[in-house]
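The values are calculated or read from the model by the stated rules, or taken from the named source; none is laboratory data. Because the structure is predicted, anything quoted here is derived from the model rather than measured. Glycine gets a Cβ as well: all are built from the backbone with ideal geometry, and neighbour counts include every protein chain shown. With ligands, DNA and RNA removed, areas are computed over all heavy atoms of the protein, side chains included. Shrake-Rupley method; radii C 1.70, N 1.55, O 1.52, S 1.80 Å.
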Amino acid sequence: MPRTEELETSRIIEFQVPLPVDVDAFQVGHRYTVAEVSKQETGGGEGVEIIDNRPGATIVGSGQPPQPCQYTHKVIYLATKVPAFIRMLAPSGSFEVHEWCWNAHPTIGTLYRNTNWKDAFFIEITTVNKPGNADIENVHNLTGQRLAKRELDKIDIVNDSIDPADYKEEYDPKKYDHGALNENWQESSPTMMTSYKLVQVKFKWFGLQTKVEDVIIRGIRRLLVNFFRQLYCTQHTWRSLTMSDIRALEVQVKTELDETRDEGEVQGMVEE
């Protein structure tokens, strides 16, 4: 797992995402949705390039032995997926972000960096998936200043507003044919889990640091809301899949991304 405790972190936010899904099934649903969203966000010279995807090992806690994981390294090309004022000011090459991920379900570590910015920019996301409805106070075992800096943000996949440009009826949990959710779904769902995502952000740019960090955090929240709505509303597709099926899908998706990344128009979420 990435470790950024020794680096200066500007913002620490814990997104809590309750879902009416069991933790074991979530492992398949999460990787399936990652693959599908990668395709939806790729085209027009932007999107996702998969550099590496293989079994590995990682440390998920201090003093613990290495655990098996699925290691991935991707490059994300996102020039039009950042606001125009950043595009105008940032130097060439700033919009190619490397993503390294260590998926040791139910714990996942993800690190984002840009080679131009070096230690002036990073995003680290540590995810812990647990049963229950956001009822663990400090699942990431933060202490001291890091705990004091942490901001909490609970995401509701049914009731939170979304950007009209992102809305898709097929990913609306209130209209899902295989299990529509009402406004009180968190009280009535018999099975609940929460994906706790600890996001640590640093972007050092004199005069623009706070503004850019706010843009990054809003973008992450937007992505999470859309991602988990889609995950829930595609259960009828991924529930029957095995991890072998998922691995085969990921191999297929890598080929599709390589073939379509430079074709057509820019796809998915964009910023004006």
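Couple of notes before you dig in:
- Leading residue by the ranking (most open to solvent (accessible area, probe 1.4 Å)) among those in the range 108-140 that are farther than 29 Å from residue 28 by Cβ and assigned to a strand (DSSP E or B): 121
- Residue check for residue 240: under 30 Å from residue 54 (Cα atoms), free of Cβ contacts under 8 Å to residues at least 12 places away in the same chain and out of contact with any Leu (no Cβ under 6 Å at 6 or more places or on another chain): yes
- Flag if residue 72 is open to solvent by less than 30 Å² (accessible area, probe 1.4 Å), more than 11 Å from residue 253 (Cβ to Cβ) and at pLDDT 95 or above: yes
- Only listed residue being modelled with pLDDT of 90 or more and either closer than 20 Å to residue 208 by Cα or within 14 Å of the chain's Cα centre (by Cα) (or both), chosen from 80, 110: 110
- The set of residues in the range 1-27 being open to solvent by less than 20 Å² (accessible area, probe 1.4 Å), within 18 Å of residue 68 (Cβ to Cβ) and modelled with pLDDT of 95 or more consists of 26 alone.
- For the range 235-253, a residue qualifies if it is of a type in the set (Lys, Arg) and assigned to a loop (DSSP other than H, G, I, E, B), and exactly one does: 239.
Conditions (1) surrounded by fewer than 16 Cβ atoms within 10 Å (Cβ to Cβ); (2) of a type in the set (A, V, I, L, M); (3) touching a Lys or Arg at 6+ places or on another chain (Cβ under 9 Å); (4) at pLDDT 95 or above, marked per residue:
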| site | (1), (2), (3), (4) |
| --- | --- |
| 236 | yes, no, no, yes |
| 249 | no, yes, yes, yes |
| 252 | yes, no, no, yes |
| 261 | no, no, no, no |
| 267 | no, no, yes, no |
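- Residue under evaluation residue 50, criteria (1) within 26 Å of residue 267 (Cα to Cα); (2) at pLDDT below 95, criterion not met: (2)
- Contact map, the range 172-190: first residue open to solvent by 100 Å² or more (accessible area, probe 1.4 Å), second residue among the charged types (D, E, K, R) and not in a loop (DSSP other than H, G, I, E, B), Cβ cut-off under 8 Å, separation 6 or more or different chains; pairs are 175/169.
- Taking the range 191-234 as the range and being surrounded by fewer than 16 Cβ atoms within 10 Å (Cβ to Cβ), outside any loop (DSSP other than H, G, I, E, B), over 18 Å from the mean Cα position of the chain (by Cα) and not β-branched (Val, Ile, Thr) as the test, the residues that pass are 209, 211.
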